[in-house]
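Participant: Before I ask anything, here is the structure I am working with.
The values are calculated or read from the model by the stated rules, or taken from the named source; none is laboratory data. These figures come from a predicted structure and were not determined experimentally. Methodologically, a virtual Cβ is constructed for each residue, glycine included, from the backbone with ideal geometry; neighbour enumeration extends over all protein chains shown.
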Amino acid sequence: MSLPPELRVLCFQLSSTPATDLPRLTPILLRHVLRCQIPLSSSAGNGAKADASASSVLIHKLKTQLSTLLNGKSPEGRFTAVVLIKAVVEVGGWEILQGAESWVRGLLSLFGVSTCQPSSSERQINSKIETGFSCSKGVVYHGTY
């Protein structure tokens, strides 16, 4: 497996470009991702030892940079992260998807979707339902509805 230069360029551009400038570079970054299908979709054990090692380091760097952008405060950086994460998962397939839990949690929190953990208000509602008491506009009801 030959290491595509686009992977190195992609990592460099993500690390050296301010987050506010990333949306205008997104089409270029997407083209780089599409050209990196072989290293993104290959397991770490495939290919020549030197290329596999360099590839795994760059892929780890890419994942870290995307996670940093996704969890950052800049809306431009988060937008770019969402677009690139979608492309990386599509191109990399199962090899990328195996380690994408943090991206999934980040995307769910970004879009305001509740994860499996119930919120404190949901726990309070559930406990009121379980005990049979509910309070609405100052009136306490007892029993089932």
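Participant: Restrict the check to region 84-102 and report whether at least one residue is at pLDDT below 95, surrounded by fewer than 13 Cβ atoms within 10 Å (Cβ to Cβ) and acidic (Asp, Glu).
Facilitator: Scanning region 84-102 turns up at least one residue that is at pLDDT below 95, surrounded by fewer than 13 Cβ atoms within 10 Å (Cβ to Cβ) and acidic (Asp, Glu).
Participant: If you don't mind, another one. Condition first: small (Gly, Ala, Ser) and either in contact with a His (Cβ under 8 Å, 6 or more places away or on another chain) or under 19 Å from Arg31 (Cβ atoms) (or both). Now tell me which residues in region 74-101 satisfy that.
Facilitator: Ala81, Ala87, Gly92, Gly93
Participant: Let me ask something else about it. Residues that are farther than 12 Å from Leu84 by Cα, more than 17 Å from the chain's Cα centre (by Cα) and of a type in the set (A, V, I, L, M): find the helices (runs of 4 or more DSSP H) completely inside region 1-42 holding 1 or more of those.
Facilitator: Hits in region 1-42: 5-16, 37-41.
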